[in-house]
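What follows is a set of notes on a single structure, which appears directly below.
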C-alpha cells in the first residue's frame, strides 16, 4: 500500500449546502481540479468524491459528494485531504515535495553536519529550510532556498549540501 500525501486541510465550511473551505498544502491549488477523489485523513475507507471546485482568495472551495449541509460539513473541519503518493504531480527539476525534504540531513560544502530539516517555510520571495540545531534543540537555523546557498539535494541519499556565508549561522 502506498504512502499518503496531504494536499489540503479543511479549515471551515462555506455556506449551507455542504461546501468546505480547504487550505491547499501545495503551491498549485488548481491541482484539485485534476482529482476525482481524496481520502479524509489517513482513513483509506473514507474516500470522498469531488463534485465541484472553486476558489476564494488563497482557499479552495470543494463540494464533496455526500456532504450536503452545513452541519455535516462541520464534522470535517481540521481534517486533512490526502492522495496516494503515486498520484502526485510530476514536479519540475529541482522542485521537491515538502514531505520528502523533512528529515533530510544538512551538511556544509566543507562536509560539516549542520542539522536536519524540520520544516519548509513558504514565503513570497523564496522558501526557507528550517533546520533543527543539534547543539541547541530550542534553536532553529534558517537557510534560504536559493541557488546561491543550496548546492545539492539528494532525496534518495537523504541529504542536502549548503554553502554557508558569514553570519548565516550564528
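Where a number appears in this text, it was derived from the coordinates with a stated rule and is not lab data. Bear in mind the structure is a predicted one, so any value in this text is a computation, not a measurement. Virtual Cβ from ideal backbone geometry, glycine too; neighbours counted across all protein chains shown.
Miscellaneous remarks
- Rounded if a/c under 1.5, otherwise prolate or oblate - the stretch 98-162, Cα gyration tensor axes: rounded
- Computed FRET value (nearest 0.05) for residue 75 with residue 124, which takes r as the C-beta separation and R₀ as 35 Å: 0.55
- Full-extension gain in nm, residue 156 to residue 37, via 0.36 nm per residue minus C-alpha separation: 39.9 nm
- The protection proxy used here, the mean number of other Cβ atoms lying within 10 Å of each residue, ranks peptides 106-119, 39-52 as follows, highest first: 106-119, 39-52.
- On the basis of the beta-carbon distance and an R0 of 41 Å, residue 46 and residue 95 show a calculated FRET efficiency of 0.85.
- Once the Cα-Cα distance is subtracted from the 0.36 nm per residue extended length, the residue 17 to residue 163 segment shows a gain of 47.3 nm.
- As a ratio to 2.2 N^0.38 Å, the alpha-carbon radius of gyration for the chain is 1.22.
- Separation in nanometres of the label points that stand 7 Å from Cα toward Cβ, at residue 55 and residue 140: 2.7 nm
- Most to least packed among 80-88, 147-155 [average Cβ atoms within 10 Å]: 80-88, 147-155
- Global geometry of the stretch 4-86, whether rounded, prolate or oblate, following the gyration tensor of its Cα atoms and the 1.5 cut on a/c: oblate
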